[in-house]
Amino acid sequence: MIHIKRMQEDGADVIALIGEIDASSSIELDLAIAKSVGEGFTKILVDCGALEYISSAGLGVFMSYIEEFKDRDIRMVLFGMSERVANTFNILGLNELLQIGKDKVEAKQMVA
Amino acid sequence: MRTKAITRLLFLVGVITWLALLFTDISIVFSASSSNIRQELPVWLPGVILNLYILSVFYYFKLKIERDDVLNFVDLLWRVFATGLVFTVISLGLRLLEFLMGSTRLTTNVVFKDLLYLVNLALMIGFLLMAFTAWKRLILYQKSKWLIRLWAFFEIGLLLSLLYNTFNFPVVEWLYATLLSVFVVVGLVLSGNMKWVAYLNFRQKWTSLLLLLLTIFYLLYLFYTNSALAESIGNTVPHFTDYRNHIFVLSLIVFVTIYSTFSFLVILFNLPTTSVFEQKLEEVVNFQRISQSIQTEQSEESVYNILLETSVSTVFADAAWLEVNSRQLNYKLFTYKITDKEAHDIITHLKTHNVKGVLEQSSDKTKNLSKHLASLKGSRFRSILAFPIYVKGENIGTLALLKELPEGFNKEMTKIVSTFANQAGISIENFRLMEEALQNERYKEELKIAKTVQKSLLPDVLEKDDDFEVAAFSESADEVGGDYYDTIRINDHQVSLIIADVSGKGTTAAFHMSQMKGIFHSLAQEDVEPDTFMVRSNQALVYCLERGSFISAIYFVINSQTKKIRYARAGHCPVLYFCADKEKAIYFKDKGIALGMVRNKSYKNFIQANEFEYKAGDVMVLYTDGITEAKDAKGEEFGYERLESVVDEVRSLGPKEIQDHLIKKLYEFTGTENINDDYTTMIVKFR
């Protein structure tokens, strides 16, 4: 089960993920990011502070946006990951493809 | 067989007793009529013999008619009628004989008269008993406990009354009258049971009427003949077998006549309502047909046709149509005695005149819509009755019944057709559920096949070498999964190994897994470097993996000449490696991203080849995230540390033993063998 909250801060769209992302809830994550992009945000911050678990399908969602964001010059930064979640990203090598910040402050600097 | 023999014996006894009766009675009458012969036989003897005759005939018919299960009502009436006919003809024949002989001394002699009388008496009693047994069957057709008791009382009482007659007790006037009136009253009460009449159809009723009428006629004739003869004999001699004070015979006469007359009248007055009863019966049959159609019919169409047919025949509609119009089905119009054009005309007419609640799919109001048709010119129909058909709350069609008469449908019909429509809806729903169940069953079979096919994609036998041995295990969460492992020998000193995990699970993952196998088998044979293997695999997969899907993998080349292993990790779970000479195990956490994540040439920047040496006793544990992420009841993951310590317990054993121990511990941890992800392990033991 995942709960997704969105709010805007300093021109950036902050998407907070609360709970677990598995195959079925990854669709909600995809929708949330697509909506943010559709609304014209070029700075997207994903708050993973309350993200307990992410499955390969969830990672696939982030992965699928990488090239599109590069083409359209949209910057996305993930921040606040727990060690366990970070490990999942690291094993797959996504930490090399995605921008991952320590906290919100750092994340804001990264998109600035 | 035994019954048949007994019946024959009873018949014989009947004949003998009658002959004995004839002899005794005639000799008594003869001695009484001529003064010079002394009377030798006791006067009560013929009475006793008569009762014996009655008993034998009574049981004769009892066996003959009561045991015959095949007889229906009309057959029964026919039997009674036929017996009556034969007996009456015999009696009439005797009359004719008497008439032909003219008024001679013989014909006027009391002895001759007595002979005639005894023949007629035997015929009358036979006929009465026959009718009595037949009426018993009719009366007890729908029996209740109370009715059976009453009948038993009647029958036994009558038989006991024979005793009274036999022993010629001093005739007590009040007892005689009381007994007779009791039997008459009971007979009357029993005659009220006419339920069988309702089950006759129109034709059978007419036949029964005729048969009963003739039966009554025969009865009356035989009564008349007997009473006339008894009268004339009684005037001449003091003693003869007079039935006129015989309680049994009198009660029988009264009962049989009453029941015959009642039956006749009841059937007569039931004639006009027969059609109603028949219709009700047909409704029940129709209803059954619709209910049963679910089990027997092959398609929804047959259900529709049966609904149409039964509704029409139940309400005597002149025409009907069934319009099926739902999301799941194509538009269909089933018609009965009406052309498609006529039906469409009426539908359009109702639509254009904006008549609400007639054929609207949304409306569940069913009205008698005669007035709306009155304005339709050129149509022969003057009444319409329409019903929606619902399946799972969705209106899938409309049943419309038409009549050429105005106001042709009554409330009863409306109710019945509405029941039919509901039942048809249920039938169709059941039918669909069955179809779905069958379809699901088919899918399950398909998946079973897919499972077997996929199992065959995983190798049965793994490569072996003097330097190492491999064991592997894989299980899917669903029927098919996305985990893959394989080995292939490149040349005499090189073997390549792969373990891969497709993102997601189920059928899609299984397809990608089979692609991975194809790629592995085509690339590995070429003896490519592990990093090149990954780059080229990535290139191949870009065209088949959909957006968001990826495959994590590790590819090894084990060289037994150099004792070195070269490998590349593409986002797969890190290798767990136990060095034989060191106490601690290590996880190889090196660079490398999963296949399909970067879909351009830059992928080669994200992958690297690594190399290490192996020694005898080393253990290499490969696995998919299904193992490390398996959760116990509290939600805790199996994890890397537990994996390490579990393998550490048995690292000195062979690869198969290590694997079995690991899987055993995994199941112990999760508490189930149904882990919610595909999980695979591959253990390489060096020696």
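The values are calculated or read from the model by the stated rules, or taken from the named source; none is laboratory data. Worth saying up front: this structure is predicted, and the values here are computed from it rather than measured. Note that each Cβ is placed from the backbone with ideal geometry, even for glycine, and that neighbours are counted across all protein chains shown.
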Inspect the stretch B:487-494 for any residue being modelled with pLDDT under 90 and either not in a loop (DSSP other than H, G, I, E, B) or not assigned by TED's automatic domain parsing to the domain that holds B:Val542 (or both) and give the result as yes or no. no
Report, by residue number, each residue of the stretch B:1-14 that is under 12 Å from B:Val57 (Cβ atoms) and surrounded by 13 or more Cβ atoms within 10 Å (Cβ to Cβ). B:Thr7, B:Leu10, B:Phe11, B:Val13, B:Gly14
Hand me the list of helices (runs of 4 or more DSSP H) wholly inside the stretch B:1-113 holding 3 or more residues that are at pLDDT 85 or above and of a type in the set (Val, Ile, Thr). B:2-33, B:45-61, B:73-101
Within the stretch B:525-541, can one find any residue that is away from chain A (no Cβ under 14 Å), of a type in the set (A, V, I, L, M, F, W, C), part of a helix (DSSP H, G or I) and over 60 Å from the mean Cα position of the chain (by Cα)? yes
Take A:Ser26 and decide whether it is of a type in the set (S, T, N, Q) and more than 11 Å from chain B (Cβ to nearest Cβ). no
When you go through B:Arg442, B:Arg382, B:Arg432 one by one, which is the residue that is out of contact with any strand residue (DSSP E or B) (no Cβ under 6 Å at 6 or more places or on another chain) and at pLDDT 90 or above? B:Arg442
Taking the stretch B:458-484, which residues are modelled with pLDDT of 90 or more and among the polar types (S, T, N, Q)? B:Ser474
Is it true that B:Ala386 is in the same structural domain as B:Leu350 (by TED's automatic domain parsing), assigned to a helix (DSSP H, G or I), in contact with a Leu (Cβ under 6 Å, 6 or more places away or on another chain) and crowded, with 21+ Cβ neighbours inside 10 Å? no
If we scan the stretch B:143-157, do we find a residue that is within 19 Å of B:Leu222 (Cβ to Cβ) and of a type outside the set (Val, Ile, Thr)? no
Taking the condition of being within 22 Å of B:Ala509 (Cβ to Cβ) and either in a helix (DSSP H, G or I) or among the polar types (S, T, N, Q) (or both), how many residues in the stretch A:20-36 meet it? 7
Looking at the structure I just gave you, is B:Ala500 within 14 Å of chain A (Cβ to nearest Cβ), part of a strand (DSSP E or B), crowded, with 24+ Cβ neighbours inside 10 Å and not hydroxyl-bearing (Ser, Thr, Tyr)? yes
Only one residue in B:Val650, B:Val684 is among the β-branched types (Val, Ile, Thr) and either in contact with an Asp or Glu (Cβ under 7 Å, 6 or more places away or on another chain) or surrounded by fewer than 17 Cβ atoms within 10 Å (Cβ to Cβ) (or both), so which one is that? B:Val650
Residue among B:Ser476, B:Ser503, B:Ser522 that alone is assigned by TED's automatic domain parsing to the domain that holds B:Thr680, touching a Lys or Arg at 6+ places or on another chain (Cβ under 9 Å) and polar (S, T, N, Q): B:Ser476
The helices (runs of 4 or more DSSP H) lying entirely within the stretch A:49-112 that contain at least 3 residues which are within 13 Å of another protein chain (Cβ to nearest Cβ) and buried (at least 20 other Cβ atoms within 10 Å of the Cβ) are A:56-72, A:83-92
Do you know which of the residues in the stretch A:29-48 that are surrounded by 16 or more Cβ atoms within 10 Å (Cβ to Cβ) and within 14 Å of another protein chain (Cβ to nearest Cβ) is farthest from B:Ser602 (Cα to Cα)? A:Leu29
Scanning the stretch B:543-574 for residues that are within 11 Å of another protein chain (Cβ to nearest Cβ) and not in a strand (DSSP E or B) gives B:Leu545, B:Glu546, B:Arg547, B:Gly548, B:Ser549, B:Phe550, B:His572, B:Cys573, B:Pro574
Scan (1) farther than 20 Å from B:Val57 by Cβ; (2) of a type in the set (A, V, I, L, M); (3) modelled with pLDDT of 90 or more; (4) surrounded by fewer than 12 Cβ atoms within 10 Å (Cβ to Cβ) for the single condition B:Ile156 breaks and write down its number. (1)
Among the residues of the stretch B:462-469, are any in contact with an Asp or Glu (Cβ under 6 Å, 6 or more places away or on another chain) and either crowded, with 16+ Cβ neighbours inside 10 Å or outside any loop (DSSP other than H, G, I, E, B) (or both)? no
Criterion first (more than 60 Å from the chain's Cα centre (by Cα) and of a type outside the set (Gly, Ala, Ser)) does B:Glu629 satisfy it? no
Among the strands (runs of 3 or more DSSP E) confined wholly to the stretch B:575-644, which include 2 or more residues that are free of Cβ contacts under 8 Å to residues at least 40 places away in the same chain and either within 13 Å of chain A (Cβ to nearest Cβ) or surrounded by 13 or more Cβ atoms within 10 Å (Cβ to Cβ) (or both)? B:585-588
Pairs with Cβ under 8 Å, 6+ apart, first in the stretch B:396-417 and in a strand (DSSP E or B), second hydroxyl-bearing (Ser, Thr, Tyr): B:Ile396/B:Ser326; B:Ile396/B:Tyr390; B:Gly397/B:Tyr304; B:Gly397/B:Ser326; B:Leu399/B:Ser311; B:Leu401/B:Ser311; B:Leu402/B:Ser383; B:Lys403/B:Ser383
